[in-house]
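Just so it is clear, none of the values below were taken in a lab; they were calculated from the coordinates. Keep in mind that what you see is a predicted model, and the values were worked out from it rather than measured. All Cβ positions, even for glycine, are placed from backbone atoms using ideal geometry, and neighbour counts span all protein chains on display.
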Amino acid sequence: MISETALDLAVQRDVLSAAQAEELRTLARAEAARVALPPPPPMPPPITVSVAAAAPDANAVDDESLRFITSFADIFVTLGIALFCWAAADITAHYAGDTAKWGVVAVLAWGLAEFFTRRRRMALPSIVLLLLFTVAVFKFVLGLVTPDDAGSYLVRRFEHFEGWANIDARSALIAGLATAAFAALHYWRFRVPITIAAGAAALCIAFVASVHWIDPALELNIYNGLLLLCGIGVFALAMYFDMSDPTRQTRRTDIAFWLHLLAAPLIVHPLIAAFRQGAVLDTQTSLIVLGIFLVFGIISLVIDRRALLVSGLAYAGIALSALLRETGFAGIAGLTSATLLALGLFILLLSAGWQPLRNAILRLLPSTLTQRLPHPCTRLT
């Protein structure tokens, strides 16, 4: 920019006229004002539809992701935890008794979780430490509140499979509630997904124990009904977490996995016990069990949860083995192999056709429901 002094000299020496000098001053002021204005905002980027978002990868949709192991260090640390806690429990039991043993295990599990779970975020050690902690808390509280004359509270005395467990119900109720409370505290501190399932299991124990405490003379079928109610409640809780995270991107999907894994046996076992006549399954009962397993398969496809189906595989194997034995299709020597072959073939075929079968079932359901289910986009593929 030309200074005022230079313009005045130019006018005095007849380089510029006074009018030309004034025009230059006006031009300089206008240019300075333009430069002082803030630059215009950038144009927003064009709105585009991401191919990855519009059409998720088929393998990503098909996966039921669950992180058990981050590296071999998880296995190494878990082995050390098992050896250390077992040795500490054995030494404590020798000098202070079984109840103190479980108290020490609970304290050790919490202390180890402070490092391996809260700081290192190791998957498998975190799961093992949580299981150790909840079991130890339950056994410790149970040992503190169980009367000396209660007998062996976890030893079942079946009389022709029609009796119920000989337990001290009040102690089991207190231990179950205490375990659920400590599990909630553990989750608040460490956020391990399996903790919710462990707390739910403790509440189920407390619920059944409370009914047994009120009326110890109830028949076995009543207790099976209570277990069925617990299973339905756990399944509903699992669906709450599943439907709150349909894309399965947060911790809620892992919580739902463990809840489904807990709910399946709580639902299947009472249903099978209701139809079973005696210790051995007959042909009719085997078909009913396989029918229940088939219904579980359909539900698993709808909610996209293989964990729910896996928990029922053992029951399906027993029923299929009994059916093969009754029909004489396989001899005694090849009964186990034929059963495993059939189950393996079923799993492979279901795995290969999981998404096509799920899409076919979802098309039969109302869209208002399917859009709330996990991975609803598979319905349109």
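Suppose R0 equals 35 Å. What FRET efficiency, 1/(1 + (r/R0)^6) with r the Cβ-Cβ distance, do W86 and T247 give to the nearest 0.05? Walk me through the intermediate numbers first.
Details: r = 41 Å, r/R0 = 1.17.
Computed FRET efficiency for W86 and T247: 0.30.
Order the peptides 75-87, 178-190, 109-121 from the highest to the lowest mean number of other Cβ atoms within 10 Å of their residues.
Details: 75-87: 14.3, 178-190: 18.7, 109-121: 17.2.
Going from most to least packed, we get 178-190, 109-121, 75-87.
Give the calculated FRET efficiency between L349 and I232 to the nearest 0.05, with a Förster radius of 25 Å applied to their Cβ-Cβ distance. Could you put the intermediate results ahead of the total?
Numbers: r = 29 Å, r/R0 = 1.16.
E between L349 and I232, to the nearest 0.05, is 0.30.
Test of understanding: what is the full-extension gain from L357 to L144, defined as 0.36 nm times their sequence separation minus their Cα-Cα distance?
Going from the current span to full extension adds 71.5 nm.
Taking 7 Å along the Cα-to-C-beta vector as the label spot, tell me the D215-T283 distance in nanometres, rounded to one decimal.
According to this spin-label approximation, the distance is 3.9 nm.
Computed FRET efficiency, Cβ-Cβ of S3 and T26, R0 25 Å: what is it to the nearest 0.05? Show your work: numbers first, answer last.
Working: r = 16 Å, r/R0 = 0.62.
About 0.95, to the nearest 0.05.
Inverting the mean 1/r over all pairs of different Cα atoms, compute the Kirkwood radius of the range 85-137 and quote it in Å. Spell out each step's value before the answer.
Working: mean 1/r = 0.0905 Å⁻¹.
This gives a value of 11.0 Å.
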